[in-house]
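Heads up, the thing below is written out as structure tokens.
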Amino acid sequence: MKIAFSFPLSRRLAAVAALAFLVVCLKESSGIGQTPVRPPAVPLVLHDPYFSIWSPSDRPTDSNTIHWTGASHRLTALARIDGKAYRLLGTEPKDCPALADSHLHVTPTQTSYSFETPELSLTLKFLTPALPDDLDLLSRPVTYVTMQMKPKAGKVPDVQLYFDARAEIATNTPEQQVSSTTVSDGDLHILKVGTVEQPILSKQGDDLRIDWGYLYLAAAKTAFSQAAILAAGDARESFRTKGRLPESVQADPSAAKDGSVLALAWNPGRISEERSITALVAYDDLFAIRYFDADLRPYWRRNGADMISVLKTTASEHSSLQKKCADFDRELLADAERVGGSNYAQLVALCHRQSLAGTKLAADSNGQPLFFSKENNSNGCVGTVDVFYPQAPQLLLLSPALLKATIVPILDYAGSRRWKFDFAPHDLGRYPHATGQVYGGGEKTLDRQMMVEESANMLLLVAALAKTEGNAAFAQRYWPLLEKWAAYLEKYGLDPENQLCTDDFAGHLAHNVNLSAKAICGLGAFGQLAKSSEKNEQAARYNGLAKKFAAHWIKEASVDGHSRLAFDRPGTWSQKYNLVWDRVLALGLFPDDVLAKEFTQYRTASNKYGLPLDSRSTYTKLDWILWTAAMAKNRDDFNALVDPVMLFVNETPDRIPLTDWYFTDSGKWRGFKARPVIGGVFMPMLTDAAIWKKWSSRGANTSGPWAPLPLKNHADLVATGEDHPGTWLVSPAQPANDKWQRTDFRPGNEWKATDFPMGLNSDSGTIIRTQWTTRDIWAVRDFELKQLPQSAVSVRITNSAPVQIWINGVPALDHDSGVRGYQDFVISQEAAKALRVGSNRIALHTRAIGQRPQGRAVVDVGLTVVSAD
């Protein structure tokens, strides 16, 4: 494409010298996969669970942009045309009118808004190179924001453009203090902001935003560009009235709520031909995941890269990546339409970035990729098996390397000394702390474990990976573990006991027919793996067992021409989405007439907005509907399931990142949003062998070796009450003596000996040894040291609310959120120095959540030190 400029030669040379970064228009994709009439929320900047920005309205100017949690993460775009300012994105400034948008277009990697005025056409585009075949690129946390201008015939409008990002994007709460700076660089304007505190990886949970690392805004330097860090009102008002930024004055640290912005402005002047201006929005989180005893860098940083070099590289690659992303979008959507029609292609377009943005790609100590999913808007767990299980079709299709990087942490954890059970774990912890299962009974008890569910999930995914790669080499490293899980399914899978499955929000269910189907397919998958591994005796045994179980299933599950919800519940039904693996893996377990009967039932039971999950409720799971649809033998049955889902997408009243759990009669949100499970919409594409092979063969390749699990031995200085009661002295009233945390304070009679863990109505799976009967508690425990620790000391805690901990009167940890399960946090340097040979004291203060008796509470605290392996 020929690029023309309407400004003098000197300015043209300046632009070329600025890495040829301002120009090049993105060639529009074909009409395939056009955006739904109205997505529930529009994806703008989507990279990971922390860097995830959306527009929750019909028009980009009807609301401010938000983080997926709903917290304000504001981006603002303005245009000034012939002296009059308009809003392109956001609601501010209030006295600036919105420019009416005429079109919204969403593809797998791009979102664009088109605007029209009598003088010109203007497009605001967000391009995130979410290309799973290039892990370096995929992990790069940078989005291009491009404003394209095309004057109408005979018009030469005078144009200025503006874009800013609020400092709040780098905070968890707007009250946090931030500090911003301008980074000196010859080719780019680079603006940077982050919290003063920088509590790297200190928090874990669900409804959290990142408050460490730094937000960046960058653009090429030209003769007509400006960059400044300013108060939002000052920056926007100056642009609105003058078409430029005021002079920048570097501000002292202030709270994010005070409204500072990273701001860019451009004044290209009179526009006679098509032109483009581009900014880069980026986030450097420094460290990505706490992985047992190691803090992992994001994958893009594994070889020592920093954000400044990445911004330069990203700027220089703009033109080539525009083309690469456009080609990727066009081909992927064409294949999606070939598989499932235009409505299906629309879903693929809307779900691609959302699914990947629910994950984080980190690097282990060998530089190998580890891919961690997050249970957004659920419980915040990281690496949850029944979350990445529904996401897996996207990874199997587009990047088998990412599926390996997803399951390696679970496989290594399950094979470690930490995991004692003969079934697969549920999770790795709570994001971003992948330090051991926290759900249900965690590593300690059988409470709310998902034994059949997760064991079958893992066998199916390892087998699917082997089918994708054409060999079972990866499985050999973990063969004893896979054998153990197959044996568990043989014993418990055919008629599961009362336990949870991936639909755990419906509660425990015994004799679950769909869970049984998963176990049977899991056994068949293990037999297939054994055959690929030339373990012929095992292959024959487990293939025969799977076929025997399938015949029993068909006989016992069928009623009224379809299968039941549970073997002992006549008059019920459920989606049998787990049977899709029989088709995808070609296991040959269930004859076609079984599915034909199911689809007859599904079409009868379907509601306006889709097929309910089962006969217990009208709610459904969007991912499972697409898995069920993938089993359809004809397009009519497929459309009967998929078309109502698209109707829901367009008509749901809830303006949130696409949910996977909603009511099929009202179209209202039941729960969950912005989750990676939405990658399940790719399952139908795995039913086309040629399409699956084509895409997966392009995927990034990694064969290891992965680093060993960073798991060290920990010795107790003060044991928690996990295995044996830990006795503390507890006071229900605040001590009058403000030195109560020190060893020279002598507790009076009001301090009672109490066994920890202490709790009330706890749902954390922790064993409660003493009932919590007050609002607050203050507690002390004395311990002896024969010698000082030679390595880092950590507080090991489980707690339902903020907790403050002291060592010998010195603050050791001030944790401002609850911890489900047990987590370790390194104590402050000052507290470590306060330890001494002889008598020491650990002290704590915390409180219950809510009012009794409806409140809930749990607390347990210990001290550990890493010892020699």
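The values are calculated or read from the model by the stated rules, or taken from the named source; none is laboratory data. Here the structure is a predicted model, which means the values were calculated and not measured. No Cβ is skipped: glycine too gets one built from the backbone with ideal geometry, and neighbour counts run over all protein chains shown. Just the protein is used for accessible areas: all its heavy atoms, side chains included, with ligands, DNA and RNA removed. Shrake-Rupley method; radii C 1.70, N 1.55, O 1.52, S 1.80 Å.
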Item checked: Cross-link pairs beyond the 28 Å C-alpha cut-off, checked among Lys712/Lys752; Lys155/Lys242; Lys374/Lys712 -> Lys712/Lys752
Checklist line | Spacing of the two label points (7 Å from each Cα toward its C-beta) at Ala71 and Lys420, in nm | finding: 3.7 nm
Notebook entry, point to check: Based on DSSP H runs of at least 4 residues, each adding -39500 (n - 2.57), what is the mean residue ellipticity at 222 nm of the chain after dividing by all its residues, to the nearest 500 deg cm²/dmol?
Noted result: -9000 deg cm²/dmol
Notebook entry, point to check: Plugging the Kirkwood radius over Cα pairs into Stokes-Einstein for segment 562-645, at a temperature of 10 °C and a viscosity of 1.306 mPa s, what D comes out in µm²/s?
Noted result: 123 µm²/s
Checklist line | Accessible area of the chain belonging to carbon and sulfur atoms, whole % at 1.4 Å probe | finding: 49 percent
Next item on the list: Report P(r) for segment 226-361: all Cα-Cα distances, bin width 5 Å, range 0 to the bin holding the largest distance, values in whole percent.
Entry: 2, 7, 10, 11, 13, 15, 15, 13, 8, 4, 1, 0
Notebook entry, point to check: Modelled label-to-label distance, Arg603 and Ala305, 7 Å Cα→beta-carbon offset: nm?
Noted result: 5.1 nm
Note to self: Tell me whether segment 301-395 comes out rounded, prolate or oblate; compute the Cα gyration tensor, take square roots of the eigenvalues as a ≥ b ≥ c, and use a/c under 1.5 as the rounded threshold.
What the structure shows: oblate
Notebook entry, point to check: How would you rank 210-223, 703-716, 350-363, 592-605, highest first, on the average number of other Cβ atoms within 10 Å across their residues?
Noted result: 350-363, 210-223, 592-605, 703-716
Next item on the list: Any of Lys547/Lys693; Lys518/Lys621; Lys535/Lys555; Lys467/Lys555 with alpha carbons more than 21 Å apart? Name them for me.
Entry: Lys547/Lys693; Lys535/Lys555; Lys467/Lys555
Notebook entry, point to check: Which helices count as membrane-span-like in the chain under these terms: full DSSP H, at least 27 Å along the axis by C-alpha, Kyte-Doolittle mean of -1.0 or more?
Noted result: 318-357, 451-469, 513-532, 536-557
Notebook entry, point to check: Of Lys257/Lys312; Lys125/Lys150; Lys203/Lys360; Lys633/Lys673; Lys84/Lys257, which sit over 20 Å apart, Cα to Cα?
Noted result: Lys257/Lys312; Lys633/Lys673; Lys84/Lys257
Checklist line | Accessible area (Å², per residue) of the chain, counting only protein heavy atoms and a probe of 1.4 Å | finding: 35 Å²
Checklist line | Förster radius 22 Å - calculated FRET efficiency between Gln790 and Gln198 (Cβ-Cβ, nearest 0.05) | finding: 0.20
Item checked: Ranked packing of 512-522, 688-698, most packed first, by mean Cβ within 10 Å -> 512-522, 688-698
Check: So for the pair Arg746, Ala596, with labels modelled 7 Å out along Cα→Cβ, what separation do we get in nm?
Finding: 8.8 nm
Note to self: If packing is taken as the average number of other Cβ atoms within 10 Å across a peptide's residues, how do 311-324, 166-179 rank, most packed first?
What the structure shows: 166-179, 311-324
